[in-house]
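A quick write-up on the structure given underneath.
The values are calculated or read from the model by the stated rules, or taken from the named source; none is laboratory data. As the structure is a computational prediction, the values presented were derived from the model and not from experiment. Every residue, glycine among them, receives a Cβ derived from its backbone with ideal geometry; neighbour counts consider all protein chains shown. All accessible areas refer to the heavy atoms of the entire protein, side chains included, with ligands and DNA or RNA removed. Shrake-Rupley method; radii C 1.70, N 1.55, O 1.52, S 1.80 Å.
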Amino acid sequence: MFQHVEFYPGDPILSLVETFQADKRPEKVNLGIGIYLDEAGRLPVLSSVRTAEVARAAVAQPRSYLPMEGLEAFRHGVQRLLFGAEHPALQEGRIATIQTLGGSGALKIGADFLARWFPDAKVYVSDPTWDNHKGIFQGAGFEVGVYPYYDPATGGLKFDEMLAFFAALPRNSVLVLHPCCHNPTGVDLDCGQWDKVLEVIRANGLIPFMDIAYQGFGDGFEQDAYAVRRAAEIGLPLFVANSFSKNLSLYGERIGGLSVVCPTRHEAELVFGQLKFGVRRIYSSPPAHGAFVAAAVMDTPELFAGWQEEVTQMRERIKAMRQRLFDELGRKLPEGDFSYFLKQRGMFGYTGFSPEQVRRLQEGFAVYLLVSGRMCVAGLNESNVGYVADAFAEVWRQ
Ligand code: LMR
């Protein structure tokens, strides 16, 4: 019956977690998947989250369905977090926001919407990008191309090439953009560069689809949302997929949002209806727990302030680990230039390791990176950073 079913070779990120878990070597270090671990190597339970959960568990809650679009308080919280409470687009009712199954769910619902209403569009992702971007948009039926982004020669951006590429695209081309903490390279645009990119997008009638999965991990919640807010401010139609997996450490709750900024309130209502329809056809309505927790954290001033502080601590710990790795490598390989570790933002470091070097790190040292050379800096801590630096130095010398 199923002989003709194609073999699935696995996912470059999620299947690596399975390989890591099966590895019996005690010294193993997981720098593959983008998950924040604390100094003790544990997945943190944020105290803002814990407080909200305890309060919710104290009262017997009936477990009804959420509406197709998700929890209203959560959706409003997402809008404030992304755009700022006073943003004109928000005040004018021009933003349609639904709750989604994490950031991936937001991308999928947005991709399906675009495939239905802009069937002739082509989608472009950065070169390189998060492994699943291509898959999600191809899965929705799009042809997916790449735009110039990372420059391996400088460890920076191919900014001029990217801008020229955008300027030559046909109207309604969809651009998948990372407003902060670019995944996988950690190389971000500054505000001036965003202004230029958004101007080209406007002049050329392109459709920006921003994927912001790491808000708070770059420079702070407000700063990391610069591109999102600016795009909405200059009147661009805009799709934003956001996630609370990392910044609320609620990975398994699958909690995120999709926001579509529209030219008018009326269009926002039309879009909102079609997003609900999209949800209904796939999973009917989203799960409730993560939404109640996230909404409580965003709606309660003390919890909100505590959460901001907790994210600041996570961000600072990652930066400290970047510095530690840089220092260790500088001592072990004084001839090398590792300053890129300090310049990159967010959870990821783009090491430049070849697939063969990544294989040697995994087989020889039980240090797990993605085959692209991406490492999750948030998997480092005081106990393993020396070991990881030794392994890196060894493989670089070979
Ligand atoms: C990652 O890039 O490692 C994370 O976003 C997890 C995932 O789903 O790939």
Between Ala320, Ala60, Ala296, where does the largest GNM mean-square fluctuation fall for the chain, given springs only between Cα atoms within less than 10 Å? Ala60
Separation between Cα centres of the stretch 327-373 and the stretch 218-267, rounded to whole Å: 30
Per residue of the stretch 258-275, what does 6.51 cos²θ - 1.76 cosθ + 1.60 with θ = phi - 60° give for ³J(HN,Hα)? Whole Hz please, x for Gly and Pro, Karplus curve as stated. 10, 10, 10, 8, 10, x, 9, 4, 4, 5, 4, 5, 5, 4, 4, x, 6, 5
Name the most mobile residue of Met162, Met347, Met210, meaning the one with the largest mean-square fluctuation, in a Gaussian network model of the chain with Cα contacts below 10 Å. Met162
Counting pairs of alpha carbon atoms under 8 Å apart in space and at least six apart in sequence, what relative contact order in percent does the stretch 65-299 give? 32
Flagged as over-length at 20 Å C-alpha distance, from Lys319/Lys343; Lys108/Lys276; Lys28/Lys246; Lys246/Lys319; Lys108/Lys343; Lys158/Lys343, the pairs are Lys28/Lys246; Lys108/Lys343
State the percentage of accessible surface on the stretch 65-299 attributable to carbon and sulfur atoms; use a 1.4 Å probe and exclude ligands, DNA and RNA. 52
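Do any GluC sites (Glu not before Pro) in the stretch 247-335 lie in a DSSP loop with no more than 15 other beta carbon atoms within 10 Å, and if so, which?
For GluC sites (Glu not before Pro) across the stretch 247-335 that sit outside H, G, I, E and B with at most 15 neighbouring Cβ atoms in 10 Å, the list reads Glu335.
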If eta is 0.692 mPa s and T is 37 °C, what Stokes-Einstein diffusion coefficient results for the chain, Kirkwood Rh from Cα pairs, in µm²/s? 150
Report the gain in length on full extension from Glu267 to Glu199: 0.36 nm times residue separation, minus Cα-Cα distance, nm rounded to one decimal. 22.2 nm
May I ask you to list the residues of the stretch 371-389 whose amide nitrogen lies under 19 Å from a point 7 Å from Cα along the Cα→beta-carbon direction of Gln313? 378-383
Of all DSSP beta bridges having both residues in the stretch 65-299, the percent classed as antiparallel (nearest 5) is 50
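If you count the DSSP beta bridges with both ends in the chain, what percent of them are antiparallel, to the nearest 5?
On the way: 17 of 34 bridges.
Roughly 50 percent of the beta bridges in the chain run antiparallel, per DSSP.
Report, in deg cm²/dmol and to the nearest 500, the calculated mean residue ellipticity at 222 nm for the chain, where each DSSP H run with n ≥ 4 adds -39500 (n - 2.57) and the sum is divided by the residue count. Don't jump to the answer; show the numbers that get you there.
Details: 16 runs with 185 residues, N = 398.
That calculation yields -14500 deg cm²/dmol at 222 nm.
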Computed on alpha carbon atoms, what radius of gyration and Dmax characterise the stretch 1-76, expressed in Å? 19.9, 52
Give the calculated FRET efficiency between Glu356 and Arg331 to the nearest 0.05, with a Förster radius of 25 Å applied to their Cβ-Cβ distance. 0.50
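By the scheme Lys and Arg +1, Asp and Glu -1, what is the net charge of all other residues having a beta-carbon under 9 Å from that of Tyr150?
Working: positive: Lys158; negative: Asp127, Asp151.
Neighbourhood net charge equals -1.
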Return, for the Cα atoms of the stretch 65-299, the radius of gyration and Dmax in Å, separated by a comma. 16.4, 52
Most fluctuating residue given options Asp299, Asp151, Asp337, as computed from a GNM of the chain linking Cα atoms under 10 Å: Asp337
Run the quick spin-label model on Phe7 and Lys343: label points 7 Å from Cα toward the beta carbon, then report their separation in nm to one decimal. 4.2
Simple spin-label estimate for Arg281 and Glu143 in nanometres, 7 Å along Cα-Cβ: 2.3
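Tell me, what is the FRET efficiency for Val54 and Gln223 to the nearest 0.05, using R0 = 35 angstrom and their Cβ-Cβ distance as r?
Details: r = 31 Å, r/R0 = 0.90.
Step by step, r from the Cβ atoms, then E = 0.65.
Select from the stretch 1-38 those GluC sites (Glu not before Pro) which occupy a DSSP coil region and have at most 15 other Cβ atoms within 10 Å, ordered by residue number. Kindly include the intermediate steps, with their values, before the conclusion.
Numbers: sites: Glu6, Glu18, Glu27; in loops: Glu6, Glu27.
Within the stretch 1-38, the qualifying GluC sites (Glu not before Pro) (loop, at most 15 other Cβ atoms within 10 Å) are Glu6, Glu27.
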Expressed as a rounded percentage, what relative contact order does the stretch 65-181 have, with Cα pairs under 8 Å and six or more residues apart? 21
Which is the longest stretch in the chain that no exposed loop site breaks, taking sites as trypsin sites (Lys or Arg not before Pro) with a DSSP loop state and at most 12 other Cβ atoms within 10 Å? 172-398
With axes computed from alpha carbons, what is the tilt in degrees of helix 289-299 against the longest principal axis of the chain, rounded to the nearest 10 within 0 to 90? 80
Ser64 and Arg116 label points (each 7 Å along its Cα→Cβ direction) are spaced in nm at 2.5
Round to the nearest 10 and give me the degree value, 0 to 90, for the angle of helix 301-332's Cα axis relative to the longest principal axis of the chain. 30
Using a probe radius of 1.4 Å on heavy atoms only, what accessible surface per residue do you get for the stretch 1-86? Whole Å² is fine. 66
Counting only C-alpha contacts under 8 Å and six or more residues apart, can you give the relative contact order of the chain as a whole percent? 26
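Per residue, how much accessible surface does the stretch 297-398 expose to a 1.4 Å probe? Answer in Å², no decimals.
Numbers: 4240 Å² over 102 residues.
Computed with neighbouring chains in place, this is 42 Å² per residue.
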